[in-house]
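A.B. asks: The structure is given below, and queries will be raised subsequently.
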Amino acid sequence: MKVYLFFIFILVLGIQNFGQSNDTKIGVDYGSLKMNPQGAVYDYSDPQSVNIKVAVWGNAKFPGRYIVPEYTNAKDLLSYAGGPTDAALLEDLRIYRTKEDSSQEFISINYNDLLWSKEPKKVIPAPQIKAGDVLLVPGEPRWYTRDYLSISLSIISTLISLSILILNIVRK
């Protein structure tokens, strides 16, 4: 038995010392990436134009800070962010903007008409993004069959475990 435990101990030490991977690198090579995964800063800058910093919050696939050209509009910024998630409310997209006099305004955008109606009533151009803007993609959680099934199975398994425990206590 002692030999068996000693062998397992030596095996664990060997795996710990020699099983480490050397394919990790501290830092990020900004030259080859468009994205900084440590800080959620995405760089879509254009070297030929003026670039601005904006943010995307909420139910976008990749929320975070973005460096984009100044000619970017709201649709482009949402596309850079990977598009909306399935929980996003596209009828209530908002752009929060701080004006020069430190007052804040928000611009509401409704993209549901563009996506779901067969004949859009009026195509509204996407608002232009300015430096410091925040595109908020609101949403609400959606429950699917797998979510209901997961909760139901966890409750059923808890009840079965409790009943087995009670039966074992009563029998002794």
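A.B. asks: Quick one: LEU90 ticks every box in (1) within 20 Å of ASN112 (Cβ to Cβ); (2) surrounded by fewer than 16 Cβ atoms within 10 Å (Cβ to Cβ); (3) of a type in the set (A, V, I, L, M, F, W, C) bar one, so which box is it?
C.D. replies: In the conditions (1) within 20 Å of ASN112 (Cβ to Cβ); (2) surrounded by fewer than 16 Cβ atoms within 10 Å (Cβ to Cβ); (3) of a type in the set (A, V, I, L, M, F, W, C), LEU90 misses (2) alone.
A.B. asks: Based on what the data block shows, is GLN48 over 19 Å from GLU140 (Cβ atoms), exposed (fewer than 11 other Cβ atoms within 10 Å of the Cβ) and modelled with pLDDT of 85 or more?
C.D. replies: Values: over 19 Å from GLU140 (Cβ atoms): yes; exposed (fewer than 11 other Cβ atoms within 10 Å of the Cβ): yes; modelled with pLDDT of 85 or more: yes.
Here the answer is yes, as GLN48 does meet what is asked.
A.B. asks: Need a quick list: strands (runs of 3 or more DSSP E) entirely within region 62-111 having at least 2 residues that are touching a Gly at 6+ places or on another chain (Cβ under 9 Å) and not hydrophobic (A, V, I, L, M, F, W, C).
C.D. replies: Details: elements: 64-69, 93-98, 104-109.
By residue number, 64-69, 93-98.
A.B. asks: Take the residues of region 106-154 that are acidic (Asp, Glu) and loosely packed, with under 10 Cβ neighbours inside 10 Å: which is modelled with the lowest pLDDT?
C.D. replies: The initial filter retains those residues of region 106-154 that are acidic (Asp, Glu), namely 113, 119, 133, 140, 147.
So of that shortlist, the ones also loosely packed, with under 10 Cβ neighbours inside 10 Å come out as 119, 140.
Numbers: GLU119: 69, GLU140: 85.
Ranking the candidates gives GLU119 first.
The values are calculated or read from the model by the stated rules, or taken from the named source; none is laboratory data. These figures come from a predicted structure and were not determined experimentally. As a convention, Cβ positions derive from the backbone with ideal geometry for all residues, glycine included, and neighbour counts pool all protein chains shown.
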